[in-house]
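Beneath this line is the structure, given in structure tokens, with notes to follow.
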Number of protein chains: 2
Amino acid sequence: MSTRIKLTLSYDGTSFCGWQKQKNGVSVQGAVEDAIFALTGERVSVIGSGRTDAGVHAKGQVASFDTGANIPPDKFYKALNTVLPDGVKALSSEKVSDDFNANRTAKRKTYEYSLYISDVEEPLKERYMTRVYGDIDELKMRSAAKILEGEHDFKAFSATGSSVKTTVRKVYGIDVCQSGEDIKISVCGNGFLYNMVRIIAGALVKIGKGEITESDILKALKTGDRTLLGETLPAKGLCLLSVEY
Amino acid sequence: MSTRIKLTLSYDGTSFCGWQKQKNGVSVQGAVEDAIFALTGERVSVIGSGRTDAGVHAKGQVASFDTGANIPPDKFYKALNTVLPDGVKALSSEKVSDDFNANRTAKRKTYEYSLYISDVEEPLKERYMTRVYGDIDELKMRSAAKILEGEHDFKAFSATGSSVKTTVRKVYGIDVCQSGEDIKISVCGNGFLYNMVRIIAGALVKIGKGEITESDILKALKTGDRTLLGETLPAKGLCLLSVEY
């Protein structure tokens, strides 16, 4: 009899080549699978809610896997933490029904992009935030963020060359919150295209600096033209906050 | 003609063996002196407001040095940042009078100790915070902190074996501020004994957990008995916020 376990994970993306297993480099998925093997002797496939790129962090990535091990499901995460490497830890675990699949049954995901405004690189912020400089208008960012809410074709907001069936996604909400020199952009949606949050964050920064306008955002949504938006911001500012099922 | 420069520095202590130059390991002082040499060709002595231990961070360490280089004093930090290694950057620079000495003329320093309450290690907090667990009473911590304010003999709050002329220091204020599962303890004083802030933070955690009482704090101040207090908390949770002159 095997049990399906839902695992919530947090990791510092700096330490990993991303979620997905790769030939070279240590992936989060590989680290978790290796830890389960060390604990149970079982070689299982761990399914994540989605891939996070190299350098992207997570406070609440969700994964699922099946195990025949005799460890109480709600204690599994503690056992796992004794063998997981630095940089990734499990925050909770629970038994779920066999139709739960961390990837396919995910309903909403929330990502956060963290920025700081400074003329100088600040070493204590560099690991988890991206630096921007100059005058940034938070209210302009908030206003433009509203345009992106709802169901849209986000083709212009995805990395070129990514192949997906549809580029239509539903964004439930985007919040822009400034505190002193720090700005956090949180985006909640039913799914995200490749680099979508990093491109949204980049476009909102351009809006905040007055380098593009709301009409550019509207045009990008309409035409799918990636070049109307700003650059894709670095991975290190991005964090997967939570996944809902 | 040489000019005395006051430099404000921020660094991620993880990358360094502490402020002070050592035979082995990369020190912040050494990194700054090397950067000045790369920039000006001058081998100067950089004086810090005080030593920070290996692993201790800084948002506003202050240093001073003399230079004959023809770089505008208020632009010096920008030039320096082009040659400083990752993990340390200069936030500002200015010309000061020749009686300024970053160490001897410092009047007040403010340190912050950062904690998070969690049953599980959280990778995204581990670099700059120390984890504590169980029930912690913030109000008890605040109340006990008040006892330490003012001029006292802080002998019990210093690492054993440190030799200083006097163990009397003046603490201008200690703030304990909880936000969700995070607790920050900031301590402002005219000077600090070796490990003093880390011992204060450890004692306040013990107070918050109910493992020691305010009378233990009073007794420690009176007797100088280090064993009445909790452990010295790890360096990584400590950050030098600012130095006033």
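The values are calculated or read from the model by the stated rules, or taken from the named source; none is laboratory data. Keep in mind that this is a model prediction, so the values were computed, not measured. In this analysis, Cβ positions are derived from the backbone assuming ideal geometry, glycine residues included, and neighbour counts consider all displayed protein chains.
For this structure, a couple of remarks:
- Filter pass, A:Val96 being under 27 Å from B:Ile117 (Cα atoms) and either under 21 Å from the mean Cα position of the chain (by Cα) or more than 14 Å from chain B (Cβ to nearest Cβ) (or both): no
- Test for A:Ala156: is it under 23 Å from A:Asp12 (Cα atoms), within 20 Å of the chain's Cα centre (by Cα), modelled with pLDDT of 95 or more and of a type in the set (A, V, I, L, M, F, W, C): no
- All conditions but one from (1) more than 14 Å from chain A (Cβ to nearest Cβ); (2) touching a residue at least 40 places away in the same chain (Cβ under 8 Å); (3) more than 28 Å from B:Lys6 (Cα to Cα); (4) out of contact with any Phe, Trp or Tyr (no Cβ under 8 Å at 6 or more places or on another chain) apply to B:Arg127; the one that does not is (1).
- Any chance A:Leu7 is outside the structural domain of A:Tyr113 (by TED's automatic domain parsing), touching a residue at least 24 places away in the same chain (Cβ under 8 Å) and closer than 23 Å to A:Gly191 by Cα: yes
- Just one of the listed residues (B:Leu115, B:Leu193, B:Leu148, B:Leu204) is more than 14 Å from chain A (Cβ to nearest Cβ), closer than 30 Å to A:Glu112 by Cα and in contact with a helix residue (DSSP H, G or I) (Cβ under 7 Å, 6 or more places away or on another chain), and it is B:Leu115.
- When A:Glu151 is tested against (1) of a type in the set (D, E, K, R); (2) closer than 29 Å to B:Gly60 by Cβ; (3) free of Cβ contacts under 8 Å to residues at least 60 places away in the same chain, only condition (2) is not met.
- Among the residues examined, A:Ala220 does not qualify as touching a Gly at 6+ places or on another chain (Cβ under 9 Å) and at pLDDT 95 or above.
- Neighbours by Cβ (under 7 Å, 6+ apart or cross-chain): first from the range A:228-239, in contact (Cβ under 8 Å) with a residue 24 or more places away in the chain; second of a type in the set (Asp, Glu) and outside any loop (DSSP other than H, G, I, E, B): A:Leu228/A:Asp216; A:Cys239/A:Glu112
- Exclusive hit being surrounded by 16 or more Cβ atoms within 10 Å (Cβ to Cβ) and either of a type in the set (Ser, Thr, Tyr) or under 16 Å from B:Ala58 (Cα atoms) (or both), set B:Arg169, B:Arg198: B:Arg198
- The conditions of being surrounded by fewer than 20 Cβ atoms within 10 Å (Cβ to Cβ), of a type in the set (S, T, N, Q) and under 23 Å from A:Ile174 (Cα atoms) are not met by A:Thr110.
- Complete set of residues in the range B:25-66 that are among the aliphatic types (A, V, I, L, M) and touching a strand residue (DSSP E or B) at 6+ places or on another chain (Cβ under 8 Å): B:Val28, B:Ala31, B:Val32, B:Ile36, B:Val44, B:Val46, B:Ile47, B:Val56, B:Ala58, B:Val62, B:Ala63
- Sub-7 Å Cβ pairs linking a first residue in the range B:31-44 that is more than 9 Å from B:Val83 (Cα to Cα) to a second residue that is surrounded by fewer than 19 Cβ atoms within 10 Å (Cβ to Cβ) and of a type in the set (A, V, I, L, M, F, W, C), at least 6 apart or interchain, are B:Glu33/B:Val44; B:Thr40/B:Ala69; B:Glu42/B:Ala69; B:Arg43/B:Phe37, ordered by first then second residue.
- The single condition among (1) within 14 Å of chain A (Cβ to nearest Cβ); (2) buried (at least 20 other Cβ atoms within 10 Å of the Cβ); (3) not acidic (Asp, Glu) that B:Phe154 does not satisfy is (1).
- Counted residues, the range B:1-12 - those being more than 9 Å from chain A (Cβ to nearest Cβ), at pLDDT 95 or above and not in a strand (DSSP E or B): 0
- For the range B:210-227, the set of residues classified as within 18 Å of B:Ile174 (Cα to Cα) and in contact (Cβ under 8 Å) with a residue 24 or more places away in the chain consists of B:Glu214, B:Ile217, B:Leu218, B:Ala220, B:Leu221, listed by residue number.
- Subset of the range A:55-90 [in contact with a Gly (Cβ under 9 Å, 6 or more places away or on another chain), more than 22 Å from A:Ser2 (Cα to Cα) and surrounded by fewer than 22 Cβ atoms within 10 Å (Cβ to Cβ)]: A:Gly55, A:Gly87
- Annotation: B:Thr52 fulfils all but one of (1) loosely packed, with under 15 Cβ neighbours inside 10 Å; (2) within 14 Å of chain A (Cβ to nearest Cβ); (3) of a type in the set (S, T, N, Q); the unmet one is (1).
- Residue satisfying all of: in the range B:125-145; in contact with a helix residue (DSSP H, G or I) (Cβ under 6 Å, 6 or more places away or on another chain) and within 25 Å of B:Ala54 (Cα to Cα); surrounded by the fewest Cβ atoms within 10 Å (Cβ to Cβ) among these: B:Val132
- Neighbours by Cβ (under 6 Å, 6+ apart or cross-chain): first from the range A:184-206, closer than 17 Å to A:Glu138 by Cα; second among the acidic types (Asp, Glu): A:Lys184/A:Glu112; A:Ser186/A:Glu112; A:Ser186/A:Asp175; A:Gly202/A:Glu231
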